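Take a look at the structure below.
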Amino acid sequence: MTAQLIDGNALSKTLRAEVATRAAALKARGVVPGLAVVLVGENPASQVYVRNKVKACEDSGLHSVLEKYPAELSEADLLARVEALNNDPAIHGILVQLPLPAQIDAQKVIEAIAPAKDVDGFHVASAGALMTGSPGFWPCTPYGCMKMLESIGYELRGKHAVVIGRSNIVGKPMALMLLAQSATVTICHSATADLGAMTRQADVVVAAVGKRNVLTADMVKPGAVVIDVGMNRNDEGKLCGDVDFAGVREVAGWITPVPGGVGPMTITMLLVNTIEAAERTAAASAT
Ligand code: GUN
């Protein structure tokens, strides 16, 4: 069996068109949804990510402001900028690109963002909201993975989902989202004794480690859904995920490619969170 592809570019196109429609409706009511993206320093990967985020906003009719600061920016100055953006009515979402330079405590900066504008979903209030099933913002990458599962009509209830990776921005929130859909969830990580024994039981595997070939064909149950969050380079410098795509696609039922899978969905869910933030603000000020 060759797995069917879950096309992140095609799904993104559909979801971004919905964002554009919602943005137009807000504009008709005099509200222009706005995202502020803050970049400190010149990390080349961050520069690419930030450029893509700003361009995606423009393409969907969202207003975006890119603030770039030198790598020497002090923590106090960055906190002051975040505070100004918290109080700026034209800004509905704030994203401070990570990593930050060593002199800045990233967690402190994230906690300074108003939870109502935390479109990255990294604030402890957002994490708590996800954990308790309260309204908040979900981190974009696992949120995008959930949308991909939804797009194939996959019923998670009663299924076994294995998440490989336990980061705060992907692994842990991913597990909570799958749990909320009544999957039985196992979180695996670098100290897991026998990863293959876990993944071979899984109906759904999400690989979010940041290492090539973490999941190979012998580790996958026939017909399973495989979501690859990895973004790595192979020996030829080509973009690849955490999954041995060529091998696993012969065993899995569904698989996400890299590139063209989870990557575009992450940016798409940032747009969704931003339009949601703007709608919530508009609804609150209308009452
Ligand atoms: N750095 C890499 N990915 C992300 C992301 O999704 N959000 C932020 N703020 N920084 C990142």
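The values are calculated or read from the model by the stated rules, or taken from the named source; none is laboratory data. What you see is a predicted model, and the numbers here were worked out from it, not measured in a lab. For neighbour counting, all protein chains shown are included, and Cβ atoms are generated from backbone atoms with ideal geometry for every residue, glycine included. Heads up: the accessible areas ignore ligands, DNA and RNA and are worked out on the full protein's heavy atoms, side chains in. Shrake-Rupley method; radii C 1.70, N 1.55, O 1.52, S 1.80 Å.
Structure summary
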read-out	value
Total residues in the stretch 118-128, condition open to solvent by 10 Å² or more (accessible area, probe 1.4 Å) and away from the ligand (no atom under 11 Å from the Cβ)	5
Test: residue in the stretch 264-282 that is more than 16 Å from the ligand (Cβ to nearest atom) and farther than 30 Å from residue 91 by Cβ	no
Filtered residue count, the stretch 270-287, keeping only those that are of a type outside the set (Val, Ile, Thr) and modelled with pLDDT under 95	5
Among the residues listed as 202, 208, 180, the single one being farther than 16 Å from residue 247 by Cα and surrounded by fewer than 24 Cβ atoms within 10 Å (Cβ to Cβ)	180
Residues (free of Cβ contacts under 8 Å to residues at least 40 places away in the same chain and within 16 Å of the ligand (Cβ to nearest atom)) located in the stretch 152-171	171
Count - residues of the stretch 240-263 that are more than 16 Å from the ligand (Cβ to nearest atom), assigned to a loop (DSSP other than H, G, I, E, B), touching a strand residue (DSSP E or B) at 6+ places or on another chain (Cβ under 7 Å) and within 27 Å of residue 56 (Cα to Cα)	2
Residue count for the stretch 33-71, restricted to those that are among the acidic types (Asp, Glu) and within 20 Å of the chain's Cα centre (by Cα)	2
Filter result (buried (at least 24 other Cβ atoms within 10 Å of the Cβ), of a type outside the set (Val, Ile, Thr) and over 22 Å from residue 210 (Cα atoms)) within the stretch 238-276	271, 273
Residue under evaluation residue 97, criteria (1) within 16 Å of the ligand (Cβ to nearest atom); (2) open to solvent by 60 Å² or more (accessible area, probe 1.4 Å); (3) within 19 Å of the chain's Cα centre (by Cα), criterion not met	(2)
Residues that are loosely packed, with under 15 Cβ neighbours inside 10 Å and under 21 Å from residue 241 (Cα atoms), drawn from the stretch 153-177	168
Unmet criterion (only one of (1) part of a helix (DSSP H, G or I); (2) over 29 Å from residue 149 (Cα atoms); (3) more than 12 Å from the ligand (Cβ to nearest atom)) for residue 22	(2)
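Yes or no, residue by residue, for (1) crowded, with 23+ Cβ neighbours inside 10 Å; (2) under 15 Å from residue 274 (Cβ atoms):
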position: 108; (1), (2): no, no
position: 116; (1), (2): no, yes
position: 136; (1), (2): no, yes
position: 145; (1), (2): yes, no
